[in-house]
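Have a look at the structure below before the remarks.
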Amino acid sequence: MARPLRIQYPGAVYHVLNRGLARHRIFRGARDYEQFLAGLAEAHARWQVEVFAYCLLDTHYHLCLRTPQGNLARAMRHVDGVYTQRFNRAHGRDGPLFRGRYRAILIEAAAYLSAVVRYIHRNPVAAGAVARPDAYPWSSHRVYLTPRRAPPWLRTEEVLAAFAGPRAFHRFVLAAHAQDLEAFYTRGRQAPILGGERFRTWVGRKVPTVAREHPRHERRFVRPAEATVLATVAESYGVAAATLRTGRRGIPNEPRKVAMYLVHRLCDLTLQETAGRFGVGSAGGIGWACGEVRHRLAEDKRFRGRLAQLEARIAQQKT
């Protein structure tokens, strides 16, 4: 049976959740929780995902997030996939960690954002892990109570703007869920959209089919074209775009390595696909070139600034 398509568009807000395979634990200690949060930070840095709330429990997780680029599928493949790899390495196991694809409920943020954040923050209480949400260390509720400590990828200001400060928000979370939200989440089979009739109609009319989850569609309509990346890199370095696709063994070629790195990262191609675009014999060659660029980014402030400017220019002319 074909998997149902997910609705994706720039600025969409979701409640995302997933559970361990056979209800097994997906977090066994503090290091696991930290690694999952690191994946959220990476999703923010690479795909601009904005997280409104999170709650990580032993066997499952809840997230409320927004995708300014309309790229939920790509970001979540990273979050779930990379965390699975890290968990397996840490605990000497292999194979799938989650019971399947994450679930994503599209949210009418204007009406339900605060209520969904409350639902997520109250999960440890509902699970019997703690008596109060502020006692649980692996949810974003404590951060909401001290918002100045929020990491860059966690957006607290939009929710808190509806309250007279963190204490008022805390009282809101301690209160019971609204009846309509309680009914929605206790339903046997949850709908893919949490919103009013007008919002559901808008989604049906305004969101094109190509914006529904499909990796190739997502790359075509959300990511920049390879030609755009190559032209921008070539102009920045003062070389012909055609020379970026070919190289000579033993001769350093910074523009070509930068082009490889940006095409792989921004166009959402695999290492093998990127190798084909640049006439490199193996994915390992691309991995090595990208590794060199990442190392220099970590060590060279001027180089880091140059690539940031390149990415900004590419984003402005994305086609």
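Derivation of every value follows stated rules applied to the coordinates shown; laboratory data play no part. Nothing here was measured: the structure is a model prediction, and the numbers come from that model. Counting neighbours? That spans all protein chains shown, and the Cβs are built from the backbone with ideal geometry, glycine included.
Under the Karplus relation 6.51 cos²θ - 1.76 cosθ + 1.60, θ = phi - 60°, what is the ordered set of whole-Hz ³J(HN,Hα) values for segment 66-71, x standing for Gly and Pro?
In residue order, the calculated couplings are 10, 10, x, 9, x, 10 Hz.
Cα centroid distance between segment 245-312 and segment 153-199, in Å?
With segment 245-312 and segment 153-199 each reduced to a Cα centre, they are spaced 43 Å.
What percent do you get for the relative contact order of segment 224-316 when only Cα pairs under 8 Å and 6+ apart count?
28 percent
So what's the angle, to the nearest 10 degrees on a 0 to 90 scale, between helix 72-91 and the longest Cα principal axis of the chain?
Orientation of helix 72-91: about 90 degrees from the principal axis.
Ranking request for peptides 19-31, 130-142: highest mean number of other beta-carbon atoms within 10 Å first, then the rest in descending order.
Listed from highest to lowest mean packing, they are 130-142, 19-31.
Taking the Cα atoms only, what angle lies between the long axis of helix 197-206 and the longest principal axis of the chain, rounded to 10 degrees?
10 degrees
Out of these labelled values of P(r) over Cα pairs in 10 Å bins from 0, in percent, (1) 6, 25, 30, 19, 10, 4, 3, 2, 1, 0; (2) 6, 27, 36, 19, 9, 2, 0; (3) 5, 23, 30, 24, 13, 4, 0, which was calculated from the coordinates shown here?
For P(r) over Cα pairs in 10 Å bins from 0, in percent, the calculated option is (3).
Which whole-number percent is the relative contact order of the chain (Cα, under 8 Å, 6+ apart)?
Result for the chain is 17 percent.
Of the options Ala259, Thr274, Phe87, report the single residue whose Cα projects farthest towards the positive end of the charge dipole of the chain (beta-carbon charges: Lys, Arg +1; Asp, Glu -1).
Checked the options; the winner is Thr274.
Working from Cα positions, state the angle (0 to 90°, nearest 10) between the long axis of helix 283-299 and the longest principal axis of the chain.
In the chain, helix 283-299 runs at an angle near 80 degrees to the longest axis.
Projecting each Cα onto the charge dipole of segment 12-217 (Lys/Arg +1, Asp/Glu -1 at the beta carbon, about the Cα centre), which of Pro147, Tyr136, Ala75 comes out farthest on the positive side?
Working it through, the farthest residue towards the positive pole turns out to be Ala75.
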